[in-house]
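**Q** Starting off with a structure, shown below.
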Amino acid sequence: MPSPAHFALALNAIDGVGRVTINKLLSHFPTYDDLTRYPREQVLTRLKGVRQASDLVNTLFSDEAMAPYFDHANTELDELRPKRVQVLVPSEHLWPSGLSDLPVNQRPPYLYSYGPAPTLHLPKTALFASPPLVDDSFELSQTLVRLLLNYKTVPVTSAWSGFDVVVGKLSDGASLPSVLVADRGMMHVVPTLRPTVSLAVRNRGVLISPFPMNHGPFDHDARERALVMAAIAQANVFLDPAPKSPEWKAMAWSMEAGRPTFAIAAPTAELPPAVHRLNGEADLEWVLLALGLSDEA
């Protein structure tokens, strides 16, 4: 029986099938066997609004037509196994539940994961930075990371900047895990970040990516990376966010989704009124309160 990961990767291999269609199918039919137990008409109903849905249903119900797509999925999973990379899908317990809050057209249908995936279910705070950072913001953010680590909260960062290296070193110094989210396939992680990834995994941390192993890098994928970061975390902290940047868009989504949303920025920086501005060390307690970790909670 094809596993949920086999099914997801097979769907992705079908020409013209995008994430919205994959998400629609996986939300109703986690496995291929689940799908084939339903009448074609009911599957077609689940694909309302999808272009050429009838042709797709005919493909899905044809063993001969699906065979090359499952072969493709098998080959990919066989190649990932020696690399110790897993494919996580929504129907399995390792999937970060917060991703379900993303709109269907922005939600990854699966994730690539390197490192112990159960870490994704620990309390997490995402820190968004696009250097260069204001010196005061950089210093206060390091204080916040140390505070979060004292409470065994996992920091979530991207996997491309010097700021991410600093957070990785702080986590390693505390012998605690961190989560890194790539904006490209894992084979293309920035070389200077690879030691940080290794340190994270050594401490039970994990690198995840919504992109195939050899994907990118492409500038437009930074937005998806930022949204994944915001969705998997219980609180989000934005450092000197720039308008129209991927981080700014993730900040807007975080507020709309009701996530505790904070910013560390210069006093003169303009931020949305709903964002909680952290001006100094005394304000960092608000992040802990939002996570239910403070002694005052």
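The values are calculated or read from the model by the stated rules, or taken from the named source; none is laboratory data. Being a predicted model, the structure only gives us computed values, none of them experimental. Neighbour counts are summed over all protein chains in view; Cβ atoms, including those assigned to glycine, are modelled from backbone coordinates with ideal geometry. Calculation scope for accessible area: heavy atoms of the full protein, side chains included, ligands and nucleic acids excluded. Shrake-Rupley method; radii C 1.70, N 1.55, O 1.52, S 1.80 Å.
**Q** Going by alpha carbons, how many degrees (0 to 90, nearest 10) lie between the helix axis of 222-232 and the longest principal axis of the chain?
**A** 80
**Q** Also, quick follow-up: Can you work out the FRET efficiency for the pair Glu270 and Asp63, with r the C-beta to C-beta distance and R0 = 45 Å, to the nearest 0.05?
**A** Numbers: r = 58 Å, r/R0 = 1.29.
Computed FRET efficiency for Glu270 and Asp63 comes out at 0.20.
**Q** Further question on the same structure: Give me the net charge of Val190's neighbourhood, meaning all other residues with Cβ under 13 Å from the Cβ of Val190; Lys, Arg count +1, Asp, Glu -1. It would help to have the intermediate numbers written out before the result.
**A** On the way: positive: Arg184, Arg194, Arg225; negative: Asp164, Asp183.
Result for the local shell: +1.
**Q** Only Lys, Arg, Asp and Glu count, each charged at its Cβ (+1, +1, -1, -1), so figure out the dipole size of the chain about its Cα centre, rounded to 20 debye. Could the numbers behind the result be given before it?
**A** On the way: 25 positive and 31 negative charges, 71 e Å.
For the chain, the charge dipole is close to 340 debye.
**Q** Helix 246-256: angle to the longest alpha-carbon principal axis of the chain, degrees 0 to 90, nearest 10?
**A** 90
**Q** May I ask you to compute the full-extension gain from Arg40 to Val104, defined as 0.36 nm times their residue separation minus their alpha-carbon distance, rounded to one decimal in nm?
**A** Values: separation 64, 0.36 × 64 = 23.04 nm, distance 2.28 nm.
The Arg40-Val104 span can extend by a further 20.8 nm.
**Q** Here's something else I'd like to know. Within 13 Å, Cβ to Cβ, of Ala230, how many net charges do the neighbouring residues add up to if Lys/Arg are +1 and Asp/Glu are -1?
**A** Working: positive: Arg107, Lys124, Arg223, Arg225, Lys249, Arg259; negative: Asp101, Glu224, Glu247, Glu256.
With Lys, Arg at +1 and Asp, Glu at -1, the neighbours total +2.
**Q** A follow-up question, please. Could you do me a favour and compute the accessible area per residue for the range 195-234, 1.4 Å probe, result in Å²?
**A** Values: 1550 Å² over 40 residues.
Result: 39 Å² per residue.
**Q** Let a ≥ b ≥ c be the square roots of the eigenvalues of the Cα gyration tensor of the range 8-73; is it rounded (a/c under 1.5), or, if not, prolate (a/b larger than b/c) or oblate?
**A** On the way: a/c = 1.37, a/b = 1.21, b/c = 1.13.
Rounded.
**Q** What is the gain in length, in nm to one decimal, between Ala174 and Ala282 on full extension, counting 0.36 nm per residue of separation less the C-alpha to C-alpha distance?
**A** Values: separation 108, 0.36 × 108 = 38.88 nm, distance 2.23 nm.
Taking Ala174 through Ala282 to full extension adds about 36.7 nm, to one decimal.
**Q** List the relative contact order of the chain as a percent without decimals, with contacts defined as Cα pairs under 8 Å and 6+ residues apart.
**A** Numbers: 503 pairs, mean separation 47.9, N = 297.
With pairs under 8 Å counted, the relative contact order is 16 percent.
**Q** In addition: Name the residue, out of Ile264, Ile14, Ile232, whose mean-square fluctuation peaks in a Gaussian network model built on the chain with Cα pairs under 10 Å.
**A** Of the options given, Ile14 has the highest mean-square fluctuation.
**Q** Sequence-distant or interchain residues sharing an amide H contact under 5 Å with Ala263, placed H: which?
**A** Phe238, His276, Arg277, Leu278
**Q** What is the percent carbon and sulfur in the accessible area of the chain, measuring with a 1.4 Å probe over the protein chains and ignoring ligands?
**A** Numbers: 7100 of 13660 Å².
Of the solvent-accessible surface of the chain, carbon and sulfur hold 52 percent.
**Q** Tell me, what is the percent relative contact order of the range 117-159, built from C-alpha pairs under 8 Å that lie six or more residues apart? Present the calculation step by step, with values, prior to reporting the outcome.
**A** On the way: 25 pairs, mean separation 26.3, N = 43.
Relative contact order comes out at 61 percent.
**Q** Report the relative contact order of the range 1-131, percent, no decimals, based on alpha-carbon pairs under 8 angstrom and at least 6 residues apart. Walk me through the numbers on the way to the answer.
**A** Working: 126 pairs, mean separation 41.1, N = 131.
Computed value for the range 1-131: 31 percent relative contact order.
**Q** Given Lys24/Lys249; Lys152/Lys244; Lys124/Lys152, which pairs have Cα atoms separated by over 21 Å?
**A** Where the Cα-Cα span goes over 21 Å, the pairs concerned are Lys24/Lys249; Lys152/Lys244.
**Q** Along the charge dipole of the chain, Cβ charges K/R +1 and D/E -1, which of Ile264, Val87, Gly168 sits furthest on the positive end?
**A** Val87
**Q** Right, next: How large is the accessible surface of Asp219 in square angstrom, using a 1.4 angstrom probe and rounding to the nearest 10?
**A** Roll a 1.4 Å probe over it and Asp219 shows about 150 Å².
**Q** Can you tell me the 0 to 90 degree angle between the C-alpha axis of helix 19-28 and the longest principal axis of the chain, rounded to 10?
**A** 80
**Q** Can you tell me which of Thr36, Thr196, Thr157 moves the most in a GNM of the chain? Springs connect C-alpha atoms under 10 Å apart.
**A** Thr36
**Q** Continuing with this model, one more query. Could you list which residues have their amide H under 5 Å from that of Ser178, counting only those 5 or more apart in sequence or on another chain, with H placed in the peptide plane?
**A** The list, which skips near neighbours in sequence, is Gly205, Val206.
**Q** Take the chain, connect every pair of alpha-carbon atoms lying under 10 Å apart with a spring to form a Gaussian network, then pick out the residue of Gly49, Gly216, Gly173 with the largest mean-square fluctuation.
**A** Taking springs between Cα atoms under 10 Å, the residue moving most is Gly49.
**Q** Using DSSP to define loop residues, name the GluC sites (Glu not before Pro) in the range 231-291 whose beta-carbon has at most 15 other beta-carbon atoms within 10 Å. Intermediate results must be reported in sequence, preceding the final value.
**A** Numbers: sites: Glu247, Glu256, Glu270, Glu281, Glu285; in loops: Glu270.
Passing both the DSSP loop test and the Cβ count: Glu270.
**Q** Turning to a different aspect of this structure: Please find the FRET efficiency linking His28 to Arg204, where r is the Cβ-Cβ separation and R0 is fixed at 22 Å, and quote it to the nearest 0.05. Don't skip to the answer; put the middle values down first.
**A** On the way: r = 34 Å, r/R0 = 1.54.
It comes to 0.05.
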